[in-house]
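The values are calculated or read from the model by the stated rules, or taken from the named source; none is laboratory data. Bear in mind the structure is a predicted one, so any value in this text is a computation, not a measurement. Cβ atoms come from the backbone with ideal geometry, glycine included; neighbour counts cover every protein chain shown.
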Amino acid sequence: MDSNPIIGRFAPTPSGPLHFGSLVTAVASYCHARSQQGKWLLRMEDVDTPRNVKGASDDILFTLEAFGFQWDAVVEYQSHQFDHYQRVLESLIERCICYACECSRRTLREANALQGPLGLIYPGFCRDKRLNKNGLSIRVNTGDCCINFVDQVYGHIQFNLSRQLGDFVVKRADGIYAYHLAVVVDDERQGINQIVRGADLLEASCLHLYLQQLLGYRQPQYLHIPLVKNALGDKLSKQTGAEALDHSCKNGLLTKALAVLGQQVDTEMEGASSTEILNVAIQNWEPDNISLPALKKT
Ligand code: GLU
């Protein structure tokens, strides 16, 4: 058995209040870590500062507390970690793993770049141009690397990075560090060894594994949960108008989140506190019961 204690995390983006899809992710990451006597940390992913909504971080923390979650360390904010990201970026640049890129999205569309699961697949136009970095985005050269990993729900995942996902941006032309860089640096810094998050990030995990390998970081375990969709089949998100969690229905929403995750739900818990509901959920937690949408099964 692995002697390292489990350290899981929940990492919301404060671009609005938590909705039901985020609650499902929070419940899954909490129960998965706690059922293995692990720690559970909170990180505000506010790296993309123009997207942050004033008051959203505090609102998220207040909501998590009201829904019975207890975290183990002070909350970290990505907007306070820019020095770390810059240091890692410079080390990648020094090793010639990154390059400056002048291509706009329009350039890529006009060049008929193929659509991949994470957007247009970058055709590598600037890979060998040795452009000056000032005011340009910085991409990671993915070479011809293939990444394989086993997700605890989705099974064996394999991608050829340059062909299927493309060289990816780690710092944008407007100076903002990209999520892919920030998440890898933070998970390592915080000692995270268990990542539970939505399946919309399944392919992104290959980019993260690639960066972890380049940087000599430890590889966490991954468990991606199927996305919660609305009646139109769209992922529940702020963009698709998902409603903020209603604090007057805490127990009902927690029970519904557990049901979505295929977990046994105790119907005799009327009058219980949210913390009690979560504690029973931790005792009964069965990640094998999380079921996949048929199409994604490997
Ligand atoms: N910040 C991301 C989100 O709110 C989650 C990223 C992650 O868990 O790695 O969707």
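Assorted remarks:
Yes or no, residue by residue, for (1) closer than 20 Å to residue 187 by Cα; (2) at pLDDT 95 or above:
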site: 3; (1), (2): yes, no
site: 10; (1), (2): yes, yes
site: 28; (1), (2): yes, yes
site: 33; (1), (2): yes, yes
site: 38; (1), (2): yes, yes
site: 47; (1), (2): yes, yes
site: 79; (1), (2): yes, yes
site: 88; (1), (2): yes, yes
site: 96; (1), (2): no, no
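Per-residue answers, yes or no, for (1) assigned to a loop (DSSP other than H, G, I, E, B); (2) surrounded by 17 or more Cβ atoms within 10 Å (Cβ to Cβ); (3) at pLDDT 95 or above:
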{"site": "218", "(1), (2), (3)": "yes, no, yes"}
{"site": "222", "(1), (2), (3)": "no, yes, yes"}
{"site": "241", "(1), (2), (3)": "yes, no, no"}
{"site": "258", "(1), (2), (3)": "no, yes, yes"}
{"site": "281", "(1), (2), (3)": "no, yes, yes"}
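- Residue list for region 27-42, restricted to those being in contact (Cβ under 8 Å) with a residue 60 or more places away in the chain and among the aliphatic types (A, V, I, L, M): 27, 28, 33, 41
- For region 33-42, a residue qualifies if it is buried (at least 21 other Cβ atoms within 10 Å of the Cβ) and among the small types (Gly, Ala, Ser), and exactly one does: 33.
- Count of residues meeting criterion [within 16 Å of the ligand (Cβ to nearest atom) and assigned to a helix (DSSP H, G or I)] in region 203-216: 9
- Meets criteria (over 30 Å from residue 19 (Cα atoms), at pLDDT 95 or above and in contact with a Leu (Cβ under 6 Å, 6 or more places away or on another chain)) for residue 121: yes
- The set of residues from region 1-28 being among the small types (Gly, Ala, Ser) and under 12 Å from residue 70 (Cα atoms) comprises just one member, 26.
- In region 125-147, the count of residues that are of a type in the set (A, V, I, L, M, F, W, C) and without any contact (Cβ under 8 Å) to a residue 24 or more places away in the chain is one or more.
- Filtering 102, 45, 94, 90 for residues that are closer than 30 Å to residue 214 by Cβ, buried (at least 19 other Cβ atoms within 10 Å of the Cβ) and either away from the ligand (no atom under 16 Å from the Cβ) or touching a residue at least 40 places away in the same chain (Cβ under 8 Å) (or both) leaves a single hit, 45.
- Residue tally, condition crowded, with 22+ Cβ neighbours inside 10 Å and basic (Lys, Arg), over region 172-211: 0
- Selection status of residue 29, of a type in the set (Gly, Ala, Ser), within 15 Å of the ligand (Cβ to nearest atom), over 27 Å from residue 273 (Cα atoms) and surrounded by 14 or more Cβ atoms within 10 Å (Cβ to Cβ): no
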